[in-house]
Amino acid sequence: MGKFRRYNVFISSTFKDMDFERDIIKFKIIPRINQELKNYNVELTAIDLRVGINTKNLSEVKATQKILDICAQSIDNSRPFFIGLIGARYGWIPSNEEWNKFIRRLPKEHQISMQETRGKSVTEIEIMYGALNQYSLDNSNVMFFMRNFDSYKDIPAEYLDKYVDNDPEKLDKINVLKQRIYDTLNTKGGDNDYVVPYSLRWNNECNDFDDENSVLVDDIEIIAN
């Protein structure tokens, strides 16, 4: 048997609205794929930054710097594997000062390509750094999953803010980002091989999405294989 190899898979998304998908990938799909890979002495590890970034006792500026730095480091440690999950929340936007400091700390080869991320959310910065800049397009294996808007039609009003931005400007930014992802990755060829739209069903009994959404699981596993 060959040498044991472990690969990281970076998961990028806004957080609370994408808990369902992140949990499916981390606790169902990755373990299932690892069952197949163990015969080849290979293991995948999901890099999920919902846990592991301790910003306690840090100022807002220091906390922002730490979050941005860890995002970039985790993406670099996970190359070539990057999964992006896009819903209807755009995410938190760092200040220009925080963004400037982050850009100056990046490797020289990334500083120019990341200039256009000023005023963008941390999630879009992750996507640009890990998937859509030229270095990533040349050196990474990326895939995106786009949650369709019909997934929100049955969500009660008291829960909807968790999943859908109520700021029209942010919704516009999400749509622009989605279109850029489609346009950029489809130029690689493959008829949407790199971008998969999907829908979820809301379950009023548990006030969450339905855990029996086999379409998402099957789509991720097919592409991963």
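Summary table
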{"read-out": "FRET E, pair residue 169, residue 34, Förster distance 30 Å, beta-carbon r, rounded to 0.05", "value": "0.15"}
{"read-out": "Solvent-free Debye scattering, log10 I(q)/I(0), computed from the Cα coordinates of segment 110-190 at q = 0.11, 0.14, 0.16 Å⁻¹", "value": "-0.37, -0.58, -0.72"}
{"read-out": "Highest to lowest packing among 9-16, 101-108, scored as the average C-beta count within 10 Å", "value": "9-16, 101-108"}
{"read-out": "Whole-Å distance, taken between Cα centres, linking segment 4-23 and segment 65-109", "value": "15"}
{"read-out": "Set 120/178; 16/170; 26/173; 26/162 screened for pairs whose C-alpha atoms are more than 24 Å apart", "value": "26/173"}
{"read-out": "Ordering of 76-89, 109-122 by packing [mean C-beta count within 10 Å, highest first]", "value": "76-89, 109-122"}
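Values quoted throughout were computed directly from the atomic coordinates according to the rules given, and no laboratory measurement underlies them. Because the structure is a prediction, the values reported are computed rather than measured. Note that we place each Cβ from the backbone using ideal geometry, even for glycine, and neighbour counts take in every protein chain shown.
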